[in-house]
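Undergrad: Right, I'll just put the structure down here and ask away after.
The values are calculated or read from the model by the stated rules, or taken from the named source; none is laboratory data. A quick note: this is a predicted structure, and the numbers were derived from the prediction, not measured. Heads up, the Cβs are rebuilt from the backbone with ideal geometry, glycines too, and the neighbour counts pull from every protein chain shown. Just the protein is used for accessible areas: all its heavy atoms, side chains included, with ligands, DNA and RNA removed. Shrake-Rupley method; radii C 1.70, N 1.55, O 1.52, S 1.80 Å.
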Amino acid sequence: GKTIEQHRRSMGDVVKSKIHVEKWCIEAHTHCTIQNVEAEVFEQLIVANAASVVPAWDDVDIESTPVVVASIKGTDKLANIFGATKIKGGTRMGSWSANKADLIYMPESKELRVWWTMR
């Protein structure tokens with residue numbers, strides 16, 4: 001399998017592909033879906049950097065919990081998950097970074113939906 005760093009890079013590539021900078025602004029395509037996210041990757045990258053996780057990760061049964069929602073607050077925490085260069089966009093007119101995100105994880109299908117804001 002992939003290392004955590006390889007997972008971080010591939011997830012970051014999906015996020016980066018949705019950040020489109022125009023001359024003075026950033027387009028609002030700030031959501032994506034990432035497939036094949038193992039529970040261990042979710043725990044090590046997302047839970048470790050989350051401001052909150054519902055239900056609490058310690059109470060999650062991968063076999064029976066349909067959805068887990070993690071809230072991430074702060075550019076530094078998002079950089080820890082996806083990589084610093086993957087959550088930024090800019091031109092000489094200005095630059096933006098992701099600053100908050102809600103991640104919706106479905107353990108059974110291993111699907112991760114990411115919604116974020118740019119600042």
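Undergrad: On the basis of being within 21 Å of THR117 (Cβ to Cβ), modelled with pLDDT under 95 and not hydroxyl-bearing (Ser, Thr, Tyr), does ILE26 make the cut?
TA: It is true that ILE26 is within 21 Å of THR117 (Cβ to Cβ), modelled with pLDDT under 95 and not hydroxyl-bearing (Ser, Thr, Tyr).
Undergrad: Given (1) farther than 17 Å from LYS86 by Cβ; (2) at pLDDT 95 or above; (3) surrounded by fewer than 18 Cβ atoms within 10 Å (Cβ to Cβ); (4) in contact with a strand residue (DSSP E or B) (Cβ under 8 Å, 6 or more places away or on another chain), where does HIS31 come up short, assuming only one miss?
TA: Among (1) farther than 17 Å from LYS86 by Cβ; (2) at pLDDT 95 or above; (3) surrounded by fewer than 18 Cβ atoms within 10 Å (Cβ to Cβ); (4) in contact with a strand residue (DSSP E or B) (Cβ under 8 Å, 6 or more places away or on another chain), the lone unmet condition for HIS31 is (1).
Undergrad: I've got another one for you. Considering only the range 36-53, I want to know if a residue exists there that is touching a helix residue (DSSP H, G or I) at 6+ places or on another chain (Cβ under 6 Å), closer than 13 Å to TRP116 by Cα, modelled with pLDDT of 95 or more and not β-branched (Val, Ile, Thr).
TA: no
Undergrad: Any idea which residue in the range 52-65 is least open to solvent (accessible area, probe 1.4 Å), counting only those that are of a type in the set (S, T, N, Q) and assigned to a loop (DSSP other than H, G, I, E, B)?
TA: The residue in question is THR65.
Undergrad: Over 19 Å from ILE34 (Cβ atoms), touching a strand residue (DSSP E or B) at 6+ places or on another chain (Cβ under 7 Å) and surrounded by fewer than 16 Cβ atoms within 10 Å (Cβ to Cβ): which single residue out of THR91, THR117 fits that description?
TA: Just one listed residue meets the conditions, THR91.
Undergrad: I need every pair where a residue in the range 26-47 that is charged (D, E, K, R) has its Cβ under 7 Å from the Cβ of a residue that is modelled with pLDDT of 95 or more, sequence separation at least 6 or different chains.
TA: From the range 26-47, the pairs are GLU38/LYS110; GLU43/TRP57.
Undergrad: Also, I was wondering about something else. Applying the selection to the range 5-51, what residues are among the hydroxyl-bearing types (Ser, Thr, Tyr) and part of a helix (DSSP H, G or I)?
TA: SER10
Matching residues to (1) open to solvent by 50 Å² or more (accessible area, probe 1.4 Å); (2) not hydroxyl-bearing (Ser, Thr, Tyr):
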{"site": "GLN44", "(1), (2)": "yes, yes"}
{"site": "VAL67", "(1), (2)": "yes, yes"}
{"site": "LYS73", "(1), (2)": "yes, yes"}
{"site": "ALA79", "(1), (2)": "no, yes"}
{"site": "GLY83", "(1), (2)": "no, yes"}
{"site": "ALA101", "(1), (2)": "no, yes"}
{"site": "TYR105", "(1), (2)": "no, no"}
{"site": "GLU108", "(1), (2)": "yes, yes"}
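Undergrad: Can you pull out every residue in the range 69-109 that is more than 20 Å from ILE26 (Cβ to Cβ) and over 13 Å from the mean Cα position of the chain (by Cα)?
TA: MET106, PRO107, GLU108, SER109
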